[in-house]
Each structure stands twice: as structure tokens, then as C-alpha cells.
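> Have a look at this one before I ask anything.
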């Protein structure tokens, strides 16, 4: 029975007289806009908006409609935090570490070098103190944040020359995302902030020496392997990068409790769906890249160790100078310590065993 | 504005005249029951029902109510598949490997020895062919299945004596879950099928020599460390055990599209929430167990290798004798191979590095 026939057959008076909860929805038709920091070509990072919007539509019987907008369509890629904060748009989909220049604390909602992995990040946000602490922080600028996706550990990017030691990083012009530059510049890297769509050209022209984007599935789309053949892992600055949904606080508070739950659950569905997509699609993409001549390398141990030390120094300095960072990072770091102890037992030994089998 | 005031202020005629979608919900008030295979004391395995039911209530504005029932309340723990299949109840929450006696194919919806880990399982179900294949299989008994939770890699259980080689498994009376017995009996183990609530007594009395349940958080509740001190990992027979929501197919098909979406999204929320709970709670519980004298051991390599070989033999035999198994396992095994290649790169190297740090 569809909605119209319910009305035809019973009428509102009949529905109300039946003594059940009144069958009128708490909210009229809504049409909201969600601005993304990503281009439409990225069907994972941008696509999560469409997955979310579709679920909101289904859950609300088509009454709550969200239109999705690529970076630049309504506002620049990095303008979405201000856009949601001041109510220009109701919603945005972004990576919070893009706003580390405003306050490094934002990066804790996404990724910091040597941070939590994907499952750990979700555990901290869902079950630890993560969401509570992050909500307090985003509340200061009138935003309600939700976890909406994770990429898993990213790759370390494409290099024109091999990296055999920390010395090879000196003077290297490297396109890297978010907070990573703060750590890498201490190793001599010259971090470059270049939008996704311009990386290929910059690397081809030699304006930069190396570039990281996400992982095989997204990197293949950009064609980076055609201009730099050495493909490094792991992207230690993006261990479990979480993507976020921002909702303007006033707009959110004006929603009925059903619509609030719909936003929360549709974001939760999209959150899990994105990690599943990366986990399923990265290996086939990597095989294509290797077939086209990409050379796979692990970062040398001295690079990992030097970067780790540099990261811990940066965090210690932030603890001394930024109370908002210190409050959230203290909790984050304690969770990281505990959860790495746990993941080192059954999870690690099982993964090690399975990965060493010839199936 | 709440529902009543919408009605007071506008009236149904006014709402309809406004030309927007009629604000009458597609479905009257519903009250369904969900039977669990777990006791209420397990606030993760049983608790997932309450997380799910609460979300369904919120998403439907309180109109779709689900009451949750512990094992034995409406039907026995292992009676829920038949109960949902024949429509005695609308829903159940269970671990599909409990039904491997009916058909080992069911175990592929939960866990098989040396199977997919938690993220891989979700990726196979959400993004690979997993859900499509499993739905076909459950469709044969009139059930629509949903992923609703995962525990992560479980522990290998509690042993009264150390296990130093495969020889130590000979004649060992071991309580273990699901499909594990089929593999372990080939190593000389005598598998024991004992409900969770009776394990402690059996181990204390010496009726059994060892028992596995889940992991530190749940094992601590059963107090197993008080009767067997050697705590082994990993539980190679439960690498990424998925819990499931079963819905009677006819009942599901009778739902409006909104209510179908509500069931799907509430289950997705509960799915992610359960893994987050285990990931956050296991380490504190393990510390308590170690503080009470538990002795942690990794299974010897020869046990792992012998069990792996035994598992692959069992699967090869099933491929020859069970077409339903073969169809789904072929896809599952291909996904396992690919995803272990992928997880062996950035994920494994990053986890290794992080787990070796002293924070």
C-alpha cells in the first residue's frame, strides 16, 4: 500500500482514530545540499556523498533530498568548512586534515602521521571518546561532524627516483596531503600543496619530484604511474584517514529526531561502504599498475624511524602550545597505545600467517 | 515541530494542498520480535540486537518497534534459523556457522578456519559478490540475511596444559564453536559442543580439557581464566566471524521501501558498532586477565600449519560433494587470495611498525 492509498482508504481522521502513533511524518519535504572537497571522477571519495544521499532518500521515503556537488561547483574544495560553519550550505563531505592550517586539531578527525589505523579510528570514534571530543571541537564553529568513510592505509606515493635513505629526501619537492608536510619538512622534504587534478601535470613537467595521492584505485585514475615509476608504501602519514560529513549545527538541531537518526545511520552505512570499496578494489588496480611497469618499494627503515621521531616531536610541541590539540591528542594517543598492544596479538599473528600462505 | 503540531497547524488537507509529497508514512505501526542465539549477559553479541532495535525505533519515529529476546526465551539458541524460516518470528540475531550441520555453506556467512579477516569479510559482503551469493543461499529457506557485527580475530582459548606441538592436541577434549571441530578433529582433538553458559563448569570439573569462547572481553565475563590459565592465540578458526541478522523473507517483502531501508541501515550501524566495541574493550579486559594470572601463548607454528592443511583438505572435499558450498567458496577463496596480497603491503608494514614502537 503506498502513501496515497493509505490516505484514500483511511483518511487522516481514521489514522488518528486508530489509536496508534499518528502517521504523519515529523518533518515536511526537505532539500539540502552537500558540497564535496573532491571531484566527481573519484567515485569513492566523492561517491560517498551519493551513497549517503541515496540512503537518506530511501530512509525518508523520498522526502529528505540531498543534492551532491563536486569541489568548485558551489565553493572551492577547501572552502567547505567555512561554508557549513556559516550556513551557506547545510552539509559537506571532506577530509578534516585539510584544515590543519586553521588548527592542527582538525587533523585528529582524519589522519595524523603514525596515527590510528582504519579499525582503530572507527573504534576510537564509535566506542572510545573520539566522537565526543571531536564534536566539542567542531561545535566551536557550529558544525556537527560524522565519520563517513576511511581509505585504509594509503600508499606512500610516486617517486621519479628511488628513495634509499633519509638523505634522498633532502630538497625533494613532494606533493603530499594534509598534516604530512609538517612532519616531512623536518626530514628535508619541500612539501607541495597541489589539488588532485593538477598532480599529473606537475609531476610530468618536473615542477615536483614526487607525489602521493591515495592508493592504487585512485592513483590509477590520475595516471601517476605514467610519470613516476617508483611506488612506495606505506603512506605513514595516512594510516587510517577518516573522511567526514559536516552538518551545520543549527540546521541539524532543527531536524526531527527521525531525520537526525537518518543522517547518522546513512553516514554510518556510507562509512563502512567506503572502506569496503577500497579493500576490494585496490588489489586489482595495483595489478594493473604493476602490469604497466610500476616498481613497488617499501620505505627504508631509517626513513620510517626518522619520520616517526619527527612526528612525535611535532605532537610534543603542539601539546605545549595548543590546549585543544592536547586535550584530544592525549586521549587519541592513549587509545593508540592500547589498541596497538591488542592488534599485535591475535590480529597480527593471524594476518602474518594468512599473508604468508600460497593459496 | 513535532508530529502533533504539524497536524494542528496545517491539517492533512493543508499538507496535501501544498503540493509536496504527502506527509503520511507508508506503513502503520509495526511490532516485530528478534530472537538471539546469545544470552543477555553478553552485551556485545546479544547487545547488538538492542543497538539495532533502538536505531530502527529512532529511524521510524517510534512506529517500528522490535523487541529483543535472549536465547531460550522464545526458542532454543540454535532454533532461530528454523524459527525465522518458518515465520514463527520475524527476525533473529545469530552466528551462521551454528548451522553448519544443516549445510556447511552457512558457515561462509560467518567464519571458516583460515578465512577472511573482519575488514576483508565486510569488503567481500558489501562490495564483492558475498552478499549476492549469500542471499541466494538463504533465499532457499525463506530468509533475507544482513551482516550485523564482527568480533575480529578471536582468541584460541583456555587450556589447562600448554600446547607445544600438534602431538599435545591428541585426545584433547576442546569446546569450540561452529565449523572448527571439522578441522580440529583431524589433528586428534575431540571437539565438544557446549553452550557458553556451561563452559566454566565443564572446564572446572575436568569434563573438558580446554575451551574457546570469543576474546578477552567476553571470556572475562565467563571467568574461564579461573579454571585454565594458558591463553592461546590466534583463534585461527575464527579470523573475522561475522554475526548476522535474519529476516523472514515474506515479512521483509511486505515492508515499505522506507522500512526495508531502515532495517538495512540500522543493521549496518550495528555491524560497525560491534567491531568498534571489541576493538576498544578487548585490551583493557586482557590486562585484567593477565593481572589475574593468565599466561599468554601463541600457538606453535606446527599447529598452525597442520590446521591450515587440514582446513584446505576439508574445503577441497566440500568442493567435490556440495555444489552450493563450491559456488560460494570459490568466490570467497578468490577474494581471500587477492585481499591478502593487498593487506600484506601498506596495511601490514604499517601495523608492524606501529606495533613495534614504544609510545
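The values are calculated or read from the model by the stated rules, or taken from the named source; none is laboratory data. Fair warning: this is a prediction, and the values are worked out from it, not measured in the lab. In this analysis, Cβ positions are derived from the backbone assuming ideal geometry, glycine residues included, and neighbour counts consider all displayed protein chains.
Yes/no per residue for (1) surrounded by fewer than 19 Cβ atoms within 10 Å (Cβ to Cβ); (2) modelled with pLDDT of 95 or more:
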position: B:65; (1), (2): yes, yes
position: B:100; (1), (2): no, no
position: B:106; (1), (2): no, yes
position: B:132; (1), (2): yes, yes
position: B:137; (1), (2): no, yes
position: B:145; (1), (2): no, yes
position: B:157; (1), (2): no, yes
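> Here's something else I'd like to know. Being surrounded by 17 or more Cβ atoms within 10 Å (Cβ to Cβ) and either modelled with pLDDT of 95 or more or in contact with a helix residue (DSSP H, G or I) (Cβ under 7 Å, 6 or more places away or on another chain) (or both) is the requirement here; does residue A:47 meet it?
yes
> Give just the number: which of (1) touching a residue at least 40 places away in the same chain (Cβ under 8 Å); (2) over 25 Å from the mean Cα position of the chain (by Cα) does residue A:244 not satisfy?
Single failed check for residue A:244: (2).
> Same structure, new question: Among the listed residues B:233, B:246, which satisfies the condition of being in contact with a strand residue (DSSP E or B) (Cβ under 7 Å, 6 or more places away or on another chain) and at the interface with chain A (Cβ under 7 Å from one of its Cβ atoms)?
Going through B:233, B:246 in turn, the sole match is B:233.
> Now a separate question. Would a scan of region B:52-70 turn up a residue that is in a helix (DSSP H, G or I), under 30 Å from residue A:61 (Cβ atoms), in contact with a strand residue (DSSP E or B) (Cβ under 7 Å, 6 or more places away or on another chain) and more than 14 Å from chain A (Cβ to nearest Cβ)? Walk me through how you get there before you give the answer.
Quick first cut of region B:52-70, residues in a helix (DSSP H, G or I) only: B:52-59.
After this cut, where a residue has to be under 30 Å from residue A:61 (Cβ atoms) as well, the list is B:52-59.
Those left that are additionally in contact with a strand residue (DSSP E or B) (Cβ under 7 Å, 6 or more places away or on another chain): B:52-53, B:56-57.
Keeping just the survivors that are more than 14 Å from chain A (Cβ to nearest Cβ) gives none.
Within region B:52-70, none of the residues are in a helix (DSSP H, G or I), under 30 Å from residue A:61 (Cβ atoms), in contact with a strand residue (DSSP E or B) (Cβ under 7 Å, 6 or more places away or on another chain) and more than 14 Å from chain A (Cβ to nearest Cβ).
> Among the numbered criteria (1) touching a residue at least 24 places away in the same chain (Cβ under 8 Å); (2) within 12 Å of chain B (Cβ to nearest Cβ); (3) surrounded by fewer than 17 Cβ atoms within 10 Å (Cβ to Cβ), which one does residue A:332 miss?
Only one criterion in (1) touching a residue at least 24 places away in the same chain (Cβ under 8 Å); (2) within 12 Å of chain B (Cβ to nearest Cβ); (3) surrounded by fewer than 17 Cβ atoms within 10 Å (Cβ to Cβ) is unmet by residue A:332, namely (3).
> Just to be sure I understand, how many residues within region B:104-132 are in contact (Cβ under 8 Å) with a residue 60 or more places away in the chain, in a helix (DSSP H, G or I) and more than 14 Å from chain A (Cβ to nearest Cβ)? Step through it out loud before you land on a result.
The initial filter retains those residues of region B:104-132 that are in contact (Cβ under 8 Å) with a residue 60 or more places away in the chain, namely B:104-105, B:107-125, B:128-130.
This time we only want the ones that are in a helix (DSSP H, G or I), so: B:104-105, B:107-109, B:118-125, B:130.
The next check asks that each one be more than 14 Å from chain A (Cβ to nearest Cβ); those that pass are B:104-105, B:107-109.
Qualifying residue count for the region: 5.
> Under the condition of being touching a strand residue (DSSP E or B) at 6+ places or on another chain (Cβ under 6 Å) and closer than 13 Å to residue B:119 by Cβ, which residue from region B:263-281 is surrounded by the fewest Cβ atoms within 10 Å (Cβ to Cβ)?
B:275
> Cβ-Cβ distance below 6 Å, separation of 6 or more or different chains: which pairs start in region B:62-73 with a residue that is farther than 26 Å from residue A:262 by Cα and end on one that is surrounded by fewer than 22 Cβ atoms within 10 Å (Cβ to Cβ)?
B:70/B:39; B:70/B:40; B:71/B:39; B:71/B:77
> Next question. Which one is nearest to residue A:146 (Cα to Cα), of the residues in region B:284-298 that are at the interface with chain A (Cβ under 10 Å from one of its Cβ atoms) and surrounded by fewer than 22 Cβ atoms within 10 Å (Cβ to Cβ)?
First pass over region B:284-298, keeping only residues at the interface with chain A (Cβ under 10 Å from one of its Cβ atoms): B:284-287, B:296, B:298.
Retained after the next criterion (residues that are surrounded by fewer than 22 Cβ atoms within 10 Å (Cβ to Cβ)): B:284-285, B:287, B:296, B:298.
Working: B:284: 26, B:285: 28, B:287: 31, B:296: 38, B:298: 38 Å.
The qualifying residue nearest to residue A:146 (Cα to Cα) is B:284.
> Based on what the data block shows, is residue B:147 closer than 30 Å to residue B:87 by Cβ and either touching a helix residue (DSSP H, G or I) at 6+ places or on another chain (Cβ under 7 Å) or assigned to a strand (DSSP E or B) (or both)?
yes
> Now, a different point. Name the one entry in A:178, A:196 that is buried (at least 19 other Cβ atoms within 10 Å of the Cβ), on the phi > 0 side of the Ramachandran plot and touching a residue at least 24 places away in the same chain (Cβ under 8 Å).
Only one candidate qualifies: A:178.
> Exactly one of (1) in contact with a helix residue (DSSP H, G or I) (Cβ under 9 Å, 6 or more places away or on another chain); (2) without any contact (Cβ under 8 Å) to a residue 24 or more places away in the chain; (3) under 24 Å from residue B:147 (Cβ atoms); (4) surrounded by fewer than 24 Cβ atoms within 10 Å (Cβ to Cβ) is unmet by residue B:257. Its number?
Result: residue B:257 passes all but (2).
> Let me ask another. Looking at A:339, A:310, can you tell me which residue is at the interface with chain B (Cβ under 7 Å from one of its Cβ atoms) and either under 21 Å from residue A:240 (Cα atoms) or at pLDDT 95 or above (or both)?
Of A:339, A:310, the one residue that is at the interface with chain B (Cβ under 7 Å from one of its Cβ atoms) and either under 21 Å from residue A:240 (Cα atoms) or at pLDDT 95 or above (or both) is A:339.
> Out of B:211, B:147, which single residue is within 14 Å of chain A (Cβ to nearest Cβ) and touching a strand residue (DSSP E or B) at 6+ places or on another chain (Cβ under 9 Å)?
Numbers: B:211 fails: within 14 Å of chain A (Cβ to nearest Cβ).
Only one candidate passes the filter, namely B:147.
> Evaluate region A:305-325: report whether one residue or more is under 22 Å from residue B:337 (Cα atoms) and either free of Cβ contacts under 8 Å to residues at least 60 places away in the same chain or in contact with a helix residue (DSSP H, G or I) (Cβ under 7 Å, 6 or more places away or on another chain) (or both).
Checking region A:305-325: not a single residue is under 22 Å from residue B:337 (Cα atoms) and either free of Cβ contacts under 8 Å to residues at least 60 places away in the same chain or in contact with a helix residue (DSSP H, G or I) (Cβ under 7 Å, 6 or more places away or on another chain) (or both).
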